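What follows is a set of notes on a single structure, which appears directly below.
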Amino acid sequence: MGNTQYILLLFFFITFYTTAQRGNYKFENYGNRSILLSGNVTGSVEDIGLTYYNPARLTEVENTAFAINAQAYELTSLKLTNVVGEESTLSNDSFSGKPTMAGGTFKLFGNKFAYSFLSKSRADNSLNYTSDIVTKDILEVFPGEENYTVGLQLNSRIRDEWIGLTWATKMSKELSVGVSLFGSIYEYSGSSDLDYVIESFDSRVAYYQNNIGVSQNSYGLVLKMGANYRLKNIDIGLNINLPYLEISEKGSFQYKKVIAGISPENDLFIDTNLENLQSQRKEPFGVSIGSGIPINKSKLHLNVDYVSGIKNYKVINVPNINTGADEVSEVNFEEERKDVINFGVGMEFYISEKLSSYISFSTDFNGFSKNATIFDLTSDSGKDINITDDFIHMGLGVDWKMKWASLILGTTRASSGASEFSRPLDPTDDGMDNEVTQYDFSRWQFIVGIEIPFLEKSLE
């Protein structure tokens with residue numbers, strides 16, 4: 001198998017991995033203990049992650065003037081089978097850090113508030129590749145075989161930063177309510193640049209270039225409403241996530257195609273740059289219900305999450321463009337989601353006043369029916385290249401309470417099992433006759449977190 005095939009397939013999966021997790025609603029968790037409990041904390045969250053999972057729980061936790069989300073380092077493992085035939089296998093392992101969450105609590109005018117800074121999504125992937133000189137008959141207008149090289153550049157970047165303020169109050173001795181309002185700054189960009197330089201044996205030279213780029217900026221608000229009810233010693237929590245409210249949006253699309261040196265009839269130059277296109281970002285409605293059930297000095301955490309679907313819509317409204325064909329071409333950059341129900345359970349074991357341990361499990365079903373990525377624009381028309389992966393999450397860790405801080409250590413694992421997808425366009429076109437590739441994916445996270453109450457008195 002050629003190096004270009006390997007790199008394209010690998011980059012395709014990594015790019016999807018960073019974008020499609022928006023459809024796996026429990027793939028990332030926030031807050032030190034909440035991470036180790038796999039996000040099963042709607043009725044029992046006790047760290048700064050309450051701003052995300054259930055703002056009403058703010059009335060039930062001790063003041064934390066400042067808390068740093070557990071720093072996570074992740075080891076991802078990818079295995080691709082049947083890449084170019086039934087016997088071909090690729091594998092790749094990578095190790096990297098993950099962004100953090102920070103925040104704290106304060107009192108103002110007799111009310112309790114929390115602030116938080118959350119990196120909901122953050123990823124950068126880029127690839128620059130130039131093949132060795134290949135000899136092959138790829139142009140009918142040039143007699144015999146030609147020497148050619150392929151240059152490939154792929155880029156994908158996502159940023160979704162949240163800044164939030166949370167308020168909560170007790171309506172009665174048993175019932176608390178709360179609200180979190182997050183401002184979201186979302187940026188997505190992707191590009192695919194493909195270049196061929198072709199030389200015939202009679203010294204004729206041809207050049208082919210195909211560049212596609214897309215970007216989307218969105219500014220909006222995310223509102224979460226929570227409730228917590230204490231029934232004897234059992235806490236029952238409810239969290240409602242309202243759909244994303246977009247305030248400002250902008251999209252762009254670039255297309256450039258150059259064919260030169262073949263013949264005057266075949267030479268072509270197209271350069272399209274469309275700015276200020278109408279775009280949409282949609283995030284669905286969701287409801288979570290959870291409970292924290294004491295068992296002696298330990299606690300059982302239960303959770304059920306429902307996320308609604310979204311009908312098919314255009315992420316970026318790109319008009320039909322000239323691509324050199326007889327008629328203008330339609331550009332589709334669309335997204336669609338289905339209803340999802342997840343469930344999970346976690347257990348917090350009391351060991352001593354200073355030490356607790358955690359173990360957890362959660363499902364994470366993917367909500368995407370169609371996911372817009374740069375490969376929607378570069379692959380063959382009509383080819384479904386979407387991966388909609390379902391994950392199982394497990395967590396394990398400890399919480400060590402010291403005089404000056406609380407230290408959280410642990411690990412999580414996400415696994416998908418065997419799945420498959422249709423290959424994107426292969427620029428070398430080496431005659432791959434089977435379009436389906438199987439893949440196995442897993443992720444380990446290694447977590448170190450700390451909570452420091454050193455400013456508590458001055459902020460109260």
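Of everything listed in (1) under 27 Å from Gly110 (Cβ atoms); (2) without any contact (Cβ under 8 Å) to a residue 60 or more places away in the chain, the single unmet condition for Glu161 is (1). Filtering the range 164-179 to residues that are free of Cβ contacts under 8 Å to residues at least 24 places away in the same chain and part of a strand (DSSP E or B) leaves nothing. Is at least one residue of the range 258-268 in contact (Cβ under 8 Å) with a residue 12 or more places away in the chain, touching a helix residue (DSSP H, G or I) at 6+ places or on another chain (Cβ under 6 Å), in a strand (DSSP E or B) and among the aliphatic types (A, V, I, L, M)? Within the range 258-268, not a single residue is in contact (Cβ under 8 Å) with a residue 12 or more places away in the chain, touching a helix residue (DSSP H, G or I) at 6+ places or on another chain (Cβ under 6 Å), in a strand (DSSP E or B) and among the aliphatic types (A, V, I, L, M).
With respect to the conditions (1) modelled with pLDDT under 95; (2) part of a loop (DSSP other than H, G, I, E, B); (3) not hydrophobic (A, V, I, L, M, F, W, C), Asp271 lacks only one, and its number is (2). Among the conditions (1) more than 24 Å from Thr51 (Cα to Cα); (2) touching a helix residue (DSSP H, G or I) at 6+ places or on another chain (Cβ under 9 Å), the only one that Gly237 does not satisfy is (1). Given the structure, is Gly97 over 30 Å from Glu199 (Cα atoms), at pLDDT below 85 and over 23 Å from the mean Cα position of the chain (by Cα)? For Gly97, the condition - over 30 Å from Glu199 (Cα atoms), at pLDDT below 85 and over 23 Å from the mean Cα position of the chain (by Cα) - is not met.
Residues checked against (1) outside any strand (DSSP E or B); (2) hydroxyl-bearing (Ser, Thr, Tyr); (3) at pLDDT below 85; (4) surrounded by 14 or more Cβ atoms within 10 Å (Cβ to Cβ):
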| site | (1), (2), (3), (4) |
| --- | --- |
| Gly395 | no, no, no, yes |
| Asp399 | no, no, no, yes |
| Lys403 | yes, no, yes, no |
| Gly410 | no, no, no, yes |
| Arg413 | no, no, no, yes |
| Ser416 | no, yes, yes, yes |
| Ser419 | no, yes, yes, yes |
| Leu425 | yes, no, yes, yes |
| Asp429 | yes, no, yes, no |
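The values are calculated or read from the model by the stated rules, or taken from the named source; none is laboratory data. Please read these numbers as outputs of a predicted model, since none were measured by experiment. Cβ: placed from backbone, ideal geometry, glycine included. Neighbour counts: every protein chain shown.
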